[in-house]
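Written below as structure tokens is the structure these notes are about.
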Amino acid sequence: MLNILGKRYYFFLLSLLLIVPGMIVLAIYGLPLAVDFKGGSLLEVVFPAGKVPTTEEVVSIYTNYGFDNVTVQTALGENDVHNILIIRSPDLTTTINGVESNPDATKNLIVADLKSVSGDAETYVNSFQNVGPTIASQVANRAVLAIAIAMLAVVIYIAIAFRGVPHAIRYGICAIIAMTHDILIVLSLAAIGGKFFGWQVDSLFLTAMLTVIGFSVQDKIVVFDRIRENSGVLRRLPFEKLVNHSIIQTLQRSINTQLMTVEFMLLALALFGGVTLREFAVILLVGLLSGTYSSIFIAAPFLVVWETKEWKNWFGKRTVEA
Amino acid sequence: MSRRTIYLIVIVVLLAAAIFVDLPGTDKFLGMEPKTVLGLDLRGGMQVILQVDPNYTGEFTAEDIDVAKSILESRTNGLGVTEVSFQTSGERYIVGDLPGVTSTEDVVDIIKQTGQLEFVDTAGVYLEPGTEVKTDLGSTGEVIDPLVGTLPGTETQTETIYHTVMTGDQLDEVGVTRQGMLNEVVISFTLKPDGAKTFAAHTAANVNNYLAIVLDKKVISCPQIQSAITEGEGIIQGNFTTESANALAVQLRYGSLPIPLVVEQVRVIGPTLGQDSLDKSLLAFLIGFIIVTLFMVIYYRLPGFAAILAILSYGAITFAIFKLIPVTLTLPGIAGILLSTGSALDANILLFERMKEELRAGRTAQEALNLGWKRAWSSIRDSNIAALLTSAILFWFGSTFGASIVKGFSVTLALGVFVSVFAAYFITRNLLSLFVSLIRDPEKHLGWFGL
């Protein structure tokens with residue numbers, strides 16, 4: 001029979017290899033937070049005739065109203081022409097000529113200026129977001145809280161659902177370790193995507209993250225459920241063999257559910273789902289894959305590591321000397 | 001009749017009802033009004049989040065926010081924007097969704113403008129509440145020079161400009177009391193000293209005339225002056241119920257917003273972007289579904305076919321529920337549906353894998369189905385409860401803020417998970433059981449079960 005557990009340390013190493021580079025990027029550049037979480041404005045303007053103002057022109061318009069820290073990106077519009085400008089700037093609530101201007105009014109002034117610079121009368125706003133600093137920091141705090149609560153709820157639920165099995169709480173904690181793995185994978189992806197493809201961490205990203213957690217739990221429970229069932233039937237087997245057996249038994253389901261169905265759906269969404277959802281779909285794609293992977297190669301192996309208390313051998317005899 | 005037959009009949013009836021609701025033309029069903037509601041991200045529009053001014057040091061209650069919300073609602077409805085919705089969110093936020101609004105020139109300003117309450121001389125005419133009137137009070141709050149303005153009542157009938165006697169800022173206190181032999185509900189008010197003088201002069205000269213109470217140029221009540229009000233105190237009679245009197249008192253008291261609001265967040269989605277996203281995600285869904293159907297039928301054969309029928313029913317039922325509640329469909333909401341579809345498939349796959357194990361162990365097809373379900377159920381139950389837990393937490397996160405997209409996602413996910421378990425529990429199982437009973441010696445055709 002396929003011996004997955006025997007190679008567990010190789011799988012742990014593989015996960016580390018995937019996570020560490022992303023974490024380094026994250027440590028150096030930070031998470032590319034979108035306006036949802038850090039406040040500021042995002043304006044997307046389309047110039048149908050293709051006469052797009054240059055970055056310098058855009059920046060100087062914003063400077064006129066007293067905004068610096070403006071970044072400008074172009075994006076591909078219809079007919080494969082780069083005729084969309086994506087402009088990020090600080091919060092547009094400001095005072096113009098002594099009169100307080102709300103973000104929407106400021107935006108209208110800016111768009112009017114962009115229109116006159118471009119000379120394209122058809123210029124229109126595709127989307128506009130302006131988030132003030134208070135709400136942004138609150139959303140960010142609450143997001144972290146939401147994830148923490150979701151994870152706690154899962155430990156409690158698993159501990160209750162597995163109460164008949166010895167060491168039920170271990171199942172919950174191993175699920176959390178594996179979910180942390182999935183979160184780290186997704187964060188690495190976001191950091192790398194942010195650095196190289198201009199991705200942004202917004203509420204949609206948060207939605208994807210929470211979905212990954214939710215479905216990752218589903219996967220873990222399916223594997224754990226089999227261990228729970230087998231530990232009644234195959235009581236004589238050593239724990240490692242029992243877990244390995246359970247993994248193999250659920251492998252077909254894991255592959256079919258995750259790879260053949262859910263991942264295909266998401267792949268379709270990523271390929272054909274339009275720009276708005278592409279990032280979301282890619283993150284879910286990777287996150288859910290990681291969720292399945294970590295059920296088999298992280299969560300279940302950690303149960304075995306815990307059962308046999310392997311950490312005592314991790315550092316050889318040095319622990320004895322020290 | 002066997003239990004299976006009863007179940008199958010129930011399923012068929014349920015499906016027929018669901019499909020009926022799903023049909024685009026259906027607008028009535030058992031007293032409910034099914035409709036497809038698209039979110040701002042799919043149809044285009046503007047979302048504003050207003051916050052109580054952080055510099056405002058006065059105290060305010062949840063009731064104040066509610067009052068501000070209803071004032072905003074009536075003001076934007078007055079703009080001719082349809083299906084406006086304002087919702088309070090947390091302790092100090094109001095989230096406004098204005099579908100279809102993309103040129104936002106004045107909307108935000110109108111939302112922020114303080115309501116103008118006027119007492120208007122109707123020149124002897126009774127004005128129905130709800131009538132829109134023009135008054136000689138300029139939008140800036142200053143009375144127009146009478147030499148330039150038109151004399152009251154001398155304009156053509158459609159364009160009568162009425163004279164504003166007094167504005168709401170002269171009101172001191174407003175309350176609801178009962179009076180007289182009939183214990184009639186009336187609104188009592190007291191005026192500030194300046195207002196009292198103006199009011200005394202006007203009412204003395206206009207007994208039996210009407211004095212309309214106008215909020216934002218719209219008549220909310222048109223009482224008759226019964227006697228001169230000289231003490232700066234008066235009552236408004238008008239066949240009120242306690243509720244309508246309270247509502248009017250609130251409007252009188254808070255003609256302007258009870259609390260200062262500032263715009264905290266604005267989102268505008270152009271209509272083309274919304275339509276584009278909708279079309280593309282539907283296309284993606286279709287492609288994904290075709291691939292999955294092919295996979296299920298090729299890999300699991302007969303059970304796979306039953307699963308696809310179950311998933312289609314799941315889709316029909318979910319969509320019907322969305323139309324009945326109605327759930328606002330957003331892009332993340334569509335993603336939620338996609339994922340719960342995955343979850344629905346998972347329940348089927350868990351069942352089929354268990355069935356195959358039982359078939360390999362030499363059980364009859366009917367036994368394998370029952371045993372397989374019994375064994376698979378604990379995973380299906382536990383994993384779906386975990387998904388529901390997560391969606392509950394997401395929902396909480398989404399409702400506390402303007403993060404309505406997260407909320408939409410959690411609602412569709414949770415509903416989808418419920419229906420998917422139902423679909424696997426009743427539809428797949430009973431259909432498969434029916435199929436198996438229709439085959440003679442199913443054990444000789446194990447290939448039909450993907451073995």
For B:Gly402, the lone unmet condition from (1) at pLDDT 85 or above; (2) facing chain A (nearest Cβ under 9 Å); (3) not in a helix (DSSP H, G or I) is (1)
Kindly list, by first and then second residue, each pair from a residue in the stretch B:5-28 that is aromatic (Phe, Trp, Tyr) to a residue that is assigned to a loop (DSSP other than H, G, I, E, B), limited to pairs with Cβ atoms under 9 Å and residues at least 6 apart or on different chains.
-> B:Phe20/B:Thr26
Which of the residues spanning the stretch A:124-142 are more than 7 Å from every other protein chain (Cβ to nearest Cβ) and either touching a helix residue (DSSP H, G or I) at 6+ places or on another chain (Cβ under 6 Å) or part of a strand (DSSP E or B) (or both)?
-> A:Ala136, A:Ala140
A:Phe196: passes all of (1) surrounded by fewer than 24 Cβ atoms within 10 Å (Cβ to Cβ); (2) within 24 Å of B:Asn384 (Cα to Cα) but (2)
Sort through B:Gly372, B:Gly408, B:Gly416 and tell me the only one that's of a type outside the set (Lys, Arg) and at pLDDT below 85.
-> B:Gly408
Report whether or not B:Pro260 is surrounded by fewer than 19 Cβ atoms within 10 Å (Cβ to Cβ) and either touching a residue at least 40 places away in the same chain (Cβ under 8 Å) or closer than 30 Å to A:Thr106 by Cα (or both).
-> yes
Touching a Leu at 6+ places or on another chain (Cβ under 8 Å) and assigned by TED's automatic domain parsing to the domain that holds A:Leu303: does that describe A:Gln200?
-> yes
Confirm whether B:Glu353 is closer than 15 Å to B:Phe449 by Cβ, touching an Asp or Glu at 6+ places or on another chain (Cβ under 8 Å) and in the same structural domain as B:Leu15 (by TED's automatic domain parsing).
-> no
Of the listed residues (B:Phe418, B:Phe395, B:Phe409), the one being farther than 30 Å from B:Gln265 by Cα and either within 10 Å of chain A (Cβ to nearest Cβ) or touching a helix residue (DSSP H, G or I) at 6+ places or on another chain (Cβ under 9 Å) (or both) is B:Phe418
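Results for (1) outside the structural domain of A:Ile213 (by TED's automatic domain parsing); (2) over 23 Å from the mean Cα position of the chain (by Cα); (3) surrounded by 19 or more Cβ atoms within 10 Å (Cβ to Cβ); (4) part of a helix (DSSP H, G or I), shown as yes or no for each residue.
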{"residue": "A:Arg235", "(1), (2), (3), (4)": "no, yes, no, no"}
{"residue": "A:Ser246", "(1), (2), (3), (4)": "no, yes, yes, yes"}
{"residue": "A:Gln249", "(1), (2), (3), (4)": "no, yes, no, yes"}
{"residue": "A:Arg253", "(1), (2), (3), (4)": "no, yes, yes, yes"}
{"residue": "A:Thr257", "(1), (2), (3), (4)": "no, no, yes, yes"}
{"residue": "A:Thr261", "(1), (2), (3), (4)": "no, no, yes, yes"}
{"residue": "A:Leu285", "(1), (2), (3), (4)": "no, no, yes, yes"}
{"residue": "A:Ser290", "(1), (2), (3), (4)": "no, no, yes, yes"}
Any residue at all in the stretch B:27-38 that is buried (at least 21 other Cβ atoms within 10 Å of the Cβ), assigned by TED's automatic domain parsing to the domain that holds B:Ala424 and either modelled with pLDDT under 85 or under 14 Å from B:Phe319 (Cα atoms) (or both)?
-> yes
Out of the residues in the stretch B:47-71 that are at pLDDT 80 or above and of a type in the set (S, T, N, Q), which is farthest from B:Leu98 (Cα to Cα)?
-> B:Thr61
Select from the stretch B:172-214 the residues that are at positive phi and within 43 Å of the chain's Cα centre (by Cα) and write down the one among them that is surrounded by the fewest Cβ atoms within 10 Å (Cβ to Cβ).
-> B:Asn183
With criteria (1) over 19 Å from the mean Cα position of the chain (by Cα); (2) surrounded by fewer than 24 Cβ atoms within 10 Å (Cβ to Cβ), A:Ser188 comes up short on (1)
Within the group A:Thr106, A:Thr95, which residue is more than 27 Å from A:Trp199 (Cα to Cα) and within 14 Å of another protein chain (Cβ to nearest Cβ)?
-> A:Thr95
Verdict on A:Gly214 being in the same structural domain as A:Val275 (by TED's automatic domain parsing), in contact with a strand residue (DSSP E or B) (Cβ under 7 Å, 6 or more places away or on another chain) and modelled with pLDDT under 85 = no
Cβ pairs under 6 Å, 6+ apart or interchain, first in the stretch A:203-217 and more than 7 Å from chain B (Cβ to nearest Cβ), second assigned to a helix (DSSP H, G or I) and of a type in the set (Phe, Trp, Tyr), ordered by first then second residue, are A:Ala208/A:Phe280
Name the residue, out of A:Ser101, A:Ser127, that is surrounded by fewer than 20 Cβ atoms within 10 Å (Cβ to Cβ), of a type outside the set (Phe, Trp, Tyr) and within 27 Å of B:Gly90 (Cα to Cα).
-> A:Ser101
Out of B:Thr293, B:Thr318, sole residue that is among the polar types (S, T, N, Q) and surrounded by fewer than 20 Cβ atoms within 10 Å (Cβ to Cβ) | B:Thr293
Of everything in the stretch B:335-368 that's hydrophobic (A, V, I, L, M, F, W, C), part of a helix (DSSP H, G or I) and over 43 Å from the mean Cα position of the chain (by Cα), which residue is surrounded by the most Cβ atoms within 10 Å (Cβ to Cβ)?
-> B:Met355
Sort out which residues of the stretch A:228-258 are within 10 Å of chain B (Cβ to nearest Cβ) and at pLDDT below 85, and write them in order of number.
-> A:Thr257, A:Gln258
Need at least 1 residues that are among the aromatic types (Phe, Trp, Tyr) per element, so show me which helices (runs of 4 or more DSSP H) inside the stretch B:3-96 make the cut, counting only ones lying wholly within it.
-> B:3-22
The lone condition A:Leu2 fails out of (1) at pLDDT below 85; (2) within 30 Å of A:Gln249 (Cβ to Cβ); (3) in contact with a Lys or Arg (Cβ under 9 Å, 6 or more places away or on another chain) is (3)
Test: A:Gly273 is small (Gly, Ala, Ser) and within 9 Å of another protein chain (Cβ to nearest Cβ) | yes
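The values are calculated or read from the model by the stated rules, or taken from the named source; none is laboratory data. Bear in mind that the values here come from a model prediction, so they are computed numbers and not experimental data. Glycine gets a Cβ as well: all are built from the backbone with ideal geometry, and neighbour counts include every protein chain shown.
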